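Reviewing the structure listed below.
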Amino acid sequence: RRAEGSLHVRSPMLLALRLRHPKVSLVHVEHSYTEAFVALDVRKKGRFATLLRMAYGLFDRVVAVSEAQGKWLVNSGAVKARALCVIRSCVDLSAFRGLAAPAPQVRVIGAIGRLDRQKGFDTLIEAFRQTRNPNVALHIYGEGEEGLALSALAEGDPRIQFMGFVDPLVAMANVDAVVMPSRWEAYGLVAIEALAARRKLLVADIDGLRDHIAYGAQAVQDQSVAAWKNEIENLLAQGPADTPASAARADSFEAEFAKSWQEMLAGLNTHR
């Protein structure tokens, strides 16, 4: 509902920008809207789809931050295929690659991100509480409006600890595996940070999180508490955390990001 209102407010500003600079190439990077977001959090879907088409139509290129998001943008009619470019988000991962390898057996599971309904940490806490291993911990890193509710949900299980906001590198150094039970996610930078750090990674099988499966992430097929409990237990039963194939592919994230932007900008200049 907030997204619908926000987009409605911003549309006149985007139109004014286009009219003011008719010969300037405009590029929009879509970090927020996804198929799962619209399904779960948009009430007037037809109206929202119209607003998206109008807004995106003002740009020469729309950059999706994942293959899954890009397919949805085109298949939904929000963006014309010729105007879409997929460039996966990235950050400098060198420090994550430099972290010590995790323990061979997972003992600390990390959930890293805003304490927000989007991230699905409520499902994670309920699922983790149903596991019976006394030697494993769940560390939740982040702050947000759901903090008190999540703390209440975890009350009584000393294995679950809320660590507050810390540098992502520090968080990653102190966990053996990372879980991302998001209800929607355009891409998920935490995922590539985990892969670069050779941490095992569980992701919800939605939106841009699917992009990480090819690089070594394990997908949880549905978002039920039972499914996450089963996958957490499977995770704890597995052996060494890294595989050469996924670690090698994770080394290419920054290079692919830079190359994709260079190619998109070169094509944009040619088009103009």
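The values are calculated or read from the model by the stated rules, or taken from the named source; none is laboratory data. Because the structure is predicted, anything quoted here is derived from the model rather than measured. Cβ coordinates were reconstructed from backbone atoms using ideal geometry, including for glycine residues, and neighbour counts include every protein chain displayed. These accessible areas exclude ligands, DNA and RNA; they are computed on the full protein's heavy atoms, side chains included. Shrake-Rupley method; radii C 1.70, N 1.55, O 1.52, S 1.80 Å.
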Checklist entry - Quick one: would you say residue 73 is in a helix (DSSP H, G or I), on the phi < 0 side of the Ramachandran plot and buried (at least 18 other Cβ atoms within 10 Å of the Cβ)? => result yes
Counting only residues in region 29-50 that are in a loop (DSSP other than H, G, I, E, B) and of a type in the set (Ser, Thr, Tyr), the one least open to solvent (accessible area, probe 1.4 Å) is identified as 34
**Message:** Looking at the structure I just gave you, is residue 45 over 17 Å from the mean Cα position of the chain (by Cα) and more than 21 Å from residue 165 (Cα to Cα)?
**Reply:** yes
Here the residues within region 199-229 that are closer than 16 Å to residue 184 by Cα, open to solvent by less than 20 Å² (accessible area, probe 1.4 Å) and among the charged types (D, E, K, R) are 207, 211
Restricting region 71-118 to residues that are closer than 21 Å to residue 238 by Cα and of a type outside the set (A, V, I, L, M, F, W, C), the one modelled with the highest pLDDT turns out to be 110
Looking across region 144-161 at residues that are outside any loop (DSSP other than H, G, I, E, B) and either surrounded by fewer than 17 Cβ atoms within 10 Å (Cβ to Cβ) or modelled with pLDDT under 95 (or both), the single one that is farthest from the chain's Cα centre (by Cα) is 152
Residues of region 198-213 being among the charged types (D, E, K, R) and touching a strand residue (DSSP E or B) at 6+ places or on another chain (Cβ under 6 Å), in sequence order, are 199, 200, 205
When you look at residue 95, is it open to solvent by 20 Å² or more (accessible area, probe 1.4 Å) and assigned to a helix (DSSP H, G or I), yes or no?
yes
Scanning region 242-255 for residues that are over 18 Å from residue 95 (Cα atoms) and of a type outside the set (A, V, I, L, M, F, W, C), the one modelled with the highest pLDDT turns out to be 243
